[in-house]
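The values are calculated or read from the model by the stated rules, or taken from the named source; none is laboratory data. This is a predicted model, so every value here is computed, not measured. Note: ideal-geometry Cβ built from the backbone for every residue, glycine included; neighbour counts use all protein chains shown.
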Amino acid sequence: MLRFSYSSNGPDVEGEALIDFLKTLNDSNNRITDWNDHYVSPCFSWSHVTCRNGYVISLSLASNGFSGTLSPSITKLMFLASLDLKDNNLSGELPNYLSSMINLQNLDLARNNFSGSIPSSWGQLSNIKHLDLSSNDLTGRIPEQLFSVPTFNFTGNRLTCGSSLQQPCVSGSTVPVSTKKSKLRVVTPVASCAAFILLSLGAIFAYRSCYAHKIKHDVFLDVPGEDECKISFGQVRRFTWHELQLATDEFSESNIIGQGGFGKVYRGVLPNGTKVAVKRLSDYHNPGGEAAFQREVQLISVAVHKNLLRLIGFCTTFNERILVYPFMQNLSVAYRLRDLKPGERGLDWPTRRKVAFGAAHGLEYLHEHCNPKIIHRDLKAANILLDDDFEPVLGDFGLAKLLDTKLTHVTTQVRGTMGHIAPEYLSTGKSSEKTDVFGYGITLLELVTGQRAIDFSRLEEEEDVLLLDHIRKLQREKRLDAIVDRNLKTFDAKEVETIVQVALLCTQSSPEDRPKMAEVVSMLQGEGLAERWVEWERLEEVRNQHFSLLSHQFAWADESTHDQEAIQLSKAR
């Protein structure tokens, strides 16, 4: 059984470092609300944080409206490989201490208000692969070693590069012939590949200079075919950057409808009136970023099922990877369970039952009918979307690892959401179809109870932080009425019992004991459930007796220790 242990000494060193770092960033908009210094390590459930082997390796903090400065506490993250702080309002001078972060590979501080010069010590960042300092207020010379970084961008500053020094301001370009010194906040036009070839170098720079004074939004080079990666699958459409820019009102913050580990999702409208969800991947420059994009496009384009989110298009530019999906008007199951606005429709029992069946069919398709098989690895109510008819569709499965001929996949980075992650995946990094079965079981409990998979507020009344532990206790006490969501006015008690039983079978500690998704679909229909449930109850009784015996032994040991201490204290001194 998956349990948490809490330390009275607070978070670990990296957790404390992140809390200090966030304070100096000045999160005045309260964008980061789940960095909690009371309960868990940052590697468990903190947003914008990616870990490997228990250490923080990536911070993705772009576009959060931070208006503070950097803190030296960041250097306590000894294994940090990627730091993304672009598109904020950070100020101050670039600190020398960043040069001590020898594992840093990606550093993106673009479009902030940093001033002063680039520290010469930054030349010691020997592992840096991507460095973007564009559109700040930096001055002076650039350390010579930084021109050897594979991908760099110093444009939009008052630095000595380009025509004033025989070194380019951006990697992959030649020294510009223009002597204009006006600060360029936006430097990349929208052009087709053919037009790009025909345009003269002077015309390009003239256009850039003119366009830079008009707007201050993000504009990126859009050259069809520049980085196509030879992706072309079925009916999936290739969009241009300009099309998606128009559809999302230049990726306006007001159109953001979600944000995950791989980027933000924007609401958009195409010229024909079609509403779309535009997923803009944020870690293209990070290790695995482009590979993740190619994998998602390829997999989703061939995984077609009524209970899977359909990919309708994608876009690639020099530095962008974007996916386009149909917009789900009814948002997610999690939203309908817990985040409704006044007057909005919740989920009645027939709809929840439909979600349970639909999610099972979608997951069975990924496991049994895709070649190679696809593991979702982060199944939860928030990743089940609802179409206009409240039919469930599974989203975010394209970021999953593949199963080839092996039964399991070993990864050095555990992806998923705490409370939904199977215990063997969390402890060993091994994922399989049974990992998804566990997540599906937790999702069933979310549907029945309306509660989150992990809820620290339960500590006020009991010890069970995890929803699974809470339900197991209520099931032992035969308190079905206490399990069901209070927002459900009516429900079928027999159907609720069936779904709870299936959920508990799916969330057994040993993956070998969990059913396959094909068996889950059958059990939801009543086939084979009775026999499995009888066996589960027998094993649960054995587990309860064993737990009771251990508890009794621990209690006896504590009592004996106290008696011994009392005897020792009563002796003459």
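The rows are residues; the columns are (1) acidic (Asp, Glu); (2) farther than 20 Å from Glu540 by Cα; (3) not assigned by TED's automatic domain parsing to the domain that holds Tyr440.
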residue	(1), (2), (3)
Asp485	yes, yes, no
Thr490	no, yes, no
Glu495	yes, yes, no
Gln501	no, no, no
Leu505	no, no, no
Gln508	no, no, no
Asp513	yes, no, no
Ala518	no, yes, no
Ser522	no, yes, no
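Identification of strands (runs of 3 or more DSSP E) wholly contained in region 82-158 with 1 or more residues that are basic (Lys, Arg) and under 14 Å from Cys169 (Cβ atoms) yields 137-141.
The residues in region 459-515 that are farther than 20 Å from Ser427 by Cα, more than 27 Å from the chain's Cα centre (by Cα), part of a helix (DSSP H, G or I) and not aliphatic (A, V, I, L, M) can be counted, and the count is 11. None of Leu184, Leu159 is modelled with pLDDT of 50 or more and aliphatic (A, V, I, L, M) except Leu159. When the residues of region 293-316 are filtered to those that are surrounded by fewer than 20 Cβ atoms within 10 Å (Cβ to Cβ) and farther than 21 Å from Asp387 by Cβ, the one that is modelled with the highest pLDDT is Gln298.
Collect the residues in region 430-455 that are under 15 Å from Asn487 (Cα atoms) and assigned to a helix (DSSP H, G or I), keeping them in residue-number order. Steps first, please.
Of region 430-455, the ones under 15 Å from Asn487 (Cα atoms) are 445-452.
Of everything in region 430-455, those that are under 15 Å from Asn487 (Cα atoms) and assigned to a helix (DSSP H, G or I) turn out to be Leu445, Glu446, Leu447, Val448, Thr449.
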